[in-house]
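S.K.: The structure's right below; bear with me while I get my questions together.
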Amino acid sequence: MSRPPRRDCAAATAAPSQYDIDCRRCTRLAAFVDDVHEANPSYFCRPVPPFGDGAARLVIVGLAPGMHGANASGRPFTGDHAGILLYATLFKFGFSTRATSSGADDGLRLLGARITNAVKCLPPGNKPLPDEIRNCNSYLSAELASLPDGAAILALGRVAHDAALRALGLVGRDYPFSHGSQHALNRGAHLFDSYHCSRYNTNTRRLTTEMFESVFASIARHLDDGACRAV
Ligand code: SF4
């Protein structure tokens, strides 16, 4: 099966150890992305790079690209419902130059923040397998290792929470996931948990705007307390 042409994302900020646009470690995902590209030739259909500030103090970890969102646009949380609340909240708290992300070339910049995913390739049914999460964890580990002291990591959902802990070499049972919780890590960093801002969670009001903004308020307090918020 032919591979789609290489298309670098201009918004990528990751170092080589944090991202490889040609990675095909997960054969199931690589084959699935190839198939989706055949049906949608204009889609990005590659491992989706982290997006944002290379000197970020806040890293947001999602699950994986959505088929018609990040997998299509090449920017995390861009092109489908999941990004609506996320980008609006980033803007409200001063982490973004705009409240909406409409495409990888829309000029939006993140300020002191970066968005990435636990799994960088589109999984069938939005459900990566455990082996695929493990395969991709080295990229997340390199990315989190580059964070400065006093940083904040926001995990969107349990899979992202567990992947972030694994990437940091920490044991999940010592840091149980629950929405709104805040875990002290090494070097003054904190891990914040939120339900994922998916269409399902927001439509059912499992995650409301108020709940999400409350998590961001805690993050802003943590970064401000450490006098390390880069804006
Ligand atoms: S999910 Fe990660 S490890 Fe797997 S093929 Fe994509 S970039 Fe590589």
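The values are calculated or read from the model by the stated rules, or taken from the named source; none is laboratory data. This structure is a prediction, so every number in the text was calculated from the model and none was measured. Cβ sites come from the backbone with ideal geometry, for glycine too, and all protein chains shown count toward neighbours. For accessibility, only protein heavy atoms count, side chains too; no ligands or nucleic acids. Shrake-Rupley method; radii C 1.70, N 1.55, O 1.52, S 1.80 Å.
S.K.: What percent antiparallel are the DSSP beta bridges of the chain, to the nearest 5?
M.R.: The antiparallel fraction comes to roughly 35 percent.
S.K.: Angle, helix 82-92 long axis vs. longest principal axis of the chain, Cα atoms, 0 to 90°, nearest 10?
M.R.: 40
S.K.: With an 8 Å Cα cut-off and a minimum separation of 6 or more residues, compute the relative contact order for region 85-134 in percent.
M.R.: RCO, region 85-134: 24 percent.
S.K.: For the residue pair residue 98 and residue 34, what label-to-label distance in nm results when each label sits 7 Å from Cα along the Cα-to-beta-carbon direction?
M.R.: 3.5
S.K.: Hey, another quick one. Please determine, in degrees from 0 to 90 and to the nearest 10, the orientation of helix 158-167 with respect to the longest principal axis defined by the Cα atoms of the chain, where the helix direction is its Cα long axis.
M.R.: With rounding to tens, the tilt is 80 degrees.
S.K.: Would you mind calculating the relative contact order of region 81-223 from Cα pairs under 8 angstrom and at least 6 residues apart, reporting the percent as a whole number?
M.R.: 22
S.K.: Tell me the mean residue ellipticity at 222 nm calculated for the chain from its helices only (DSSP H runs of n ≥ 4, each -39500 (n - 2.57), averaged over every residue, nearest 500).
M.R.: Rounded to the nearest 500, the figure is -10000 deg cm²/dmol.
S.K.: In whole percent, how big is the carbon plus sulfur part of the accessible area of the chain, probe 1.4 Å, protein atoms only?
M.R.: 52
S.K.: For the chain, with every protein chain kept in place, what is the accessible area per residue (1.4 Å probe, Å²)?
M.R.: 44
S.K.: Using a 10 angstrom cutoff on alpha carbons, build the Gaussian network for the chain and name the most mobile of 156, 111, 129.
M.R.: 129
S.K.: Are there trypsin sites (Lys or Arg not before Pro) in region 77-170 that DSSP puts in a loop and that have at most 16 other Cβ atoms within 10 Å, and which ones?
M.R.: Here the trypsin sites (Lys or Arg not before Pro) that fit, given the DSSP loop and packing criteria, are 98, 109.
S.K.: If the elastic network links every pair of Cα atoms under 10 Å, which of 123, 50, 41 fluctuates the most in the Gaussian network model of the chain?
M.R.: For the chain, modelled as a Gaussian network with Cα springs under 10 Å, the answer is 41.
S.K.: Compactness ratio of region 24-225: Cα Rg over 2.2 N^0.38 Å, N = residue count? Walk me through the numbers on the way to the answer.
M.R.: Working: Rg = 15.8 Å, N = 202, 2.2 N^0.38 = 16.5 Å.
After normalising by residue count via 2.2 N^0.38 Å, the value is 0.95.
S.K.: If I build a Gaussian network model for the chain, linking alpha-carbon pairs within less than 10 angstrom, which residue out of 88, 184, 155 has the largest mean-square fluctuation?
M.R.: Comparing 88, 184, 155 in a Gaussian network model of the chain, the most mobile one is 184.
S.K.: Please work out how much length the chain gains when fully extended from residue 170 to residue 214, using 0.36 nm per residue of separation minus the C-alpha to C-alpha distance, in nm with one decimal.
M.R.: Stretched out fully, the residue 170 to residue 214 stretch lengthens by 13.3 nm.
S.K.: Once both axes come from the Cα atoms, what is the angle between helix 209-225 and the longest principal axis of the chain, in degrees from 0 to 90, rounded to 10?
M.R.: 60
S.K.: Same structure again: I'd like the accessible area for residue 213: 1.4 Å probe, protein heavy atoms, all chains in place, Å² to the nearest 10.
M.R.: Accessible area of residue 213: about 40 Å².
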